[in-house]
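Attaching a single structure in structure tokens format; questions to follow.
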Amino acid sequence: MNTPNNTSGKMTGYRWTICAMLFFATTINYLDRQVLSLTWKDFISPEFHWTNDDYGTITALFSIFYAVSMLFAGKFVDWMDTKKGFLWAIGIWSLGAVIHAFCGIATSGITAGEWFVGFEGAREAISHVQNIGRVASVSVVLFIFARLILAIGEAGNFPAAIKATAEYFPKKDRALATSIFNAGATVGALAAPVTIPVIASVWGWEMSFIIIGALGFIWMGFWVFIYNKPEKHPKVNAAELAYIQSDQESTDPVEEKVEAAQESKKISFKDAFRYKQTWAFAFGKFMTDGVWWFFLFWAPAYLSSVYGIKSSDTEGQLAIFVLYAITLLSIIGGWLPSYFVEKKGMNPYAGRMKAMLIFAFFPLLALLAQPLGHISYWVPVIIIGIAGAAHQAWSANIFSTIGDMFPKKAIATITGIGGMAGGIGSFLINKGSGVLFDHSHLQWTTVDGAPLLEKFPQFATEHIPEGFLQSLTDSGSVVVDGISTGYMIIFSICAVAYLIGWVVMKILVPKYKPITDL
């Protein structure tokens with residue numbers, strides 16, 4: 001083991017610098033992910049004629065790409081190690097983010113034969129294409145490709161961040177460190193509505209992808225010089241290194257060499273799936289990741305579809321900002337298990353599971369979001385914010401259960417498996433939501449209770465004639481838009497997902513049982 005250059009008696013705090021870097025990486029990660037959700041409804045859809053199902057397909061396939069990539073991202077990070085693995089990940093996803101900006105030009109080239117045009121020229125060319133169905137399908141395919149690149153890179157963020165946390169923090173502090181860097185997701189989502197729509201309004205939706213995507217390349221420049229293993233880093237002194245390694249069982253030099261040799265061995269997927277701990281983590285992610293992604297991808301569209309509040313409006317930006325500001329309460333997710341461990345004497349796994357059970361009850365409030373929405377749109381905004389905070393608190397702890405149970409060499413791989421499971425769950429909820437919302441949006445009813453489609457067959461067209469709905473509303477014919485019911489169905493699924501996930505995890509791993517035979 002190399003001795004750090006700084007050997008002063010007072011413990012340094014360089015681990016928090018690393019935690020800050022992980023926080024900023026996660027912030028950028030979620031900013032890049034959020035650009036599409038804040039631009040598609042009000043900026044991109046009018047240009048490409050997208051439906052809810054089109055958007056649902058794009059987000060659902062992103063979830064699948066992310067899921068499959070997560071499966072391999074963990075092993076990639078284990079193979080490349082933390083520093084290089086993170087550089088590759090953020091470099092790829094930043095490139096993918098920028099590629100989105102050129103989907104309009106590519107659509108113009110394919111549908112209108114105009115390739116060598118700028119962003120404005122592409123919009124002009126596309127507006128003259130008569131076959132709007134072709135414009136929609138071509139643009140959807142191009143955005144799916146861009147999301148593929150984004151997903152491949154973004155899949156590396158959490159495996160690398162969790163591995164870095166395990167390298168720089170003892171077990172008792174990992175939930176806190178994870179909750180801090182995981183709060184970057186909230187801060188990214190918080191910054192998004194007050195920056196992205198403004199950029200899109202002033203310079204075009206394309207520039208929002210380019211400007212936000214460029215942040216990742218800036219982060220890479222800092223990471224190259226800031227990160228190294230704690231035992232090799234000159235800014236980590238002996239006291240801090242001893243604290244970081246305080247929960248390691250072995251102190252004998254011979255045993256340390258044996259452990260180091262074991263750490264260099266990589267585990268296979270077959271070995272990983274032999275353990276109930278792997279299945280417990282994967283199921284917990286499967287049940288709950290999709291909830292957060294639904295809130296992330298659909299909240300702006302929800303306000304636009306149900307309440308007529310656009311993300312480009314100040315009112316809409318404020319609502320989304322407040323929603324994600326509330327999720328900052330998730331920092332409690334790192335403090336509560338530490339309280340159970342240090343004050344109540346629980347082992348780390350028991351403390352985390354108790355905290356997760358408490359957090360699992362808060363999403364039940366989502367059952368009231370739609371029924372109470374008639375009071376004010378602020379009611380569902382606040383409820384969704386609380387549910388989002390509960391998710392982030394839950395997420396910080398479920399990630400930390402990996403470090404409780406598995407040796408360091410397996411952490412990124414197990415994280416990847418859980419990410420794959422979470423991505424599958426996210427695919428199901430995003431694709432299902434798009435289909436459900438388009439279907440329920442056409443379930444308008446008339447005063448006499450008859451479905452609108454029966455009385456007005458022209459309403460079945462994919463693109464409703466301009467002014468048609470308004471004329472019906474003015475005459476008192478339209479009573480209710482079924483899309484509100486569609487959101488109620490999805491909110492109900494989100495509400496119970498965490499309790500179901502917790503129960504199954506508890507059944508699979510009822511007590512603290514670390515893996516010792518890998």
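Each value in this text was obtained by applying a stated rule to the coordinates, not by laboratory testing. Nothing here was measured: the structure is a model prediction, and the numbers come from that model. Cβ coordinates were reconstructed from backbone atoms using ideal geometry, including for glycine residues, and neighbour counts include every protein chain displayed.
Nearest 500 deg cm²/dmol is fine: what mean residue ellipticity at 222 nm does the chain get from its DSSP H runs of n ≥ 4 alone, each adding -39,500 (n - 2.57), divided by its residue count?
Details: 22 runs with 378 residues, N = 518.
Here the helix-only value at 222 nm equals -24500 deg cm²/dmol.
Round to the nearest 0.05 the FRET efficiency obtained for Lys84 and Glu231 when R0 = 22 Å and r is the Cβ-Cβ distance. Display every interim value, and only then the final one.
Working: r = 18 Å, r/R0 = 0.80.
Here the calculated transfer efficiency is 0.80.
Right, here's the next one. Sorted from largest down, give the three principal axis spans of the alpha carbons of segment 315-443, whole angstrom values.
52, 31, 24
Then there is this: Hey, for a label at Ala325 modelled as a point 7 Å past Cα toward Cβ, could you say which residues of segment 376-394 have their backbone N under 19 Å away?
Only 376-390 fall inside the zone, counting backbone N under 19 Å.
Order these peptides, 278-287, 156-165, by their mean beta-carbon neighbour count within 10 angstrom, highest first.
Working: 278-287: 23.8, 156-165: 28.7.
Put in order of decreasing packing, that is 156-165, 278-287.
Arranged from highest to lowest average of other beta-carbon atoms within 10 Å per residue, in what order do the peptides 209-220, 53-64 appear?
53-64, 209-220
In addition: At 1.306 mPa s and 10 °C, plugging the Kirkwood radius over alpha-carbon pairs of segment 1-115 into Stokes-Einstein gives what diffusion coefficient in µm²/s?
Once the numbers are plugged in, D ends up at 90 µm²/s.
Work from the charge dipole of segment 44-120 (Cβ charges, +1 for Lys and Arg, -1 for Asp and Glu, about the Cα centre) and give the residue of Ser108, Ala60, Ser45 farthest towards its positive end.
Ala60
Continuing with the same structure: Using R₀ = 60 Å, calculate the FRET efficiency as 1/(1 + (r/R₀)^6) where r is the Cβ-Cβ separation of Met220 and His374; round to 0.05. Provide the component values of the computation, followed by the final result.
Values: r = 48 Å, r/R0 = 0.80.
Step by step, r from the Cβ atoms, then E = 0.80.
So for each of 136-142, 430-436 I average, over its residues, the number of other beta carbons within 10 Å; can you give me the resulting order with the highest mean first? Could the numbers behind the result be given before it?
Values: 136-142: 19.7, 430-436: 21.9.
Ranking, from highest mean packing down: 430-436, 136-142.
Which angle from 0 to 90°, rounded to the nearest 10, does the C-alpha axis of helix 483-508 make with the longest principal axis of the chain?
The helix 483-508 is inclined about 20 degrees to the chain.
Below 23 Å, Cα to Cα, which lysines can Lys10 reach? Residues fewer than 8 away in the same chain don't count.
Cα-Cα hits under 23 Å: Lys171, Lys172, Lys229, Lys232, Lys235.
Additional query: Rounded to the nearest 20 debye, what is the charge dipole size of the chain about its Cα centre when +1 sits on each Lys and Arg Cβ and -1 on each Asp and Glu Cβ? Kindly include the intermediate steps, with their values, before the conclusion.
Details: 36 positive and 37 negative charges, 412 e Å.
Charge dipole, the chain, about its Cα centre: 1980 debye, nearest 20.
To the nearest whole percent, what portion of all C-alpha pairs in the chain is separated by more than 40 angstrom?
Numbers: 33506 of 133903 pairs.
So the portion of pairs separated by more than 40 Å is 25 percent.
For segment 95-191, take the alpha-carbon Rg, divide it by the Kirkwood Rh, and send me Rg/Rh.
Working: Rg = 20.1 Å, Rh = 16.2 Å.
Dividing the radius of gyration by the Kirkwood radius yields 1.24.
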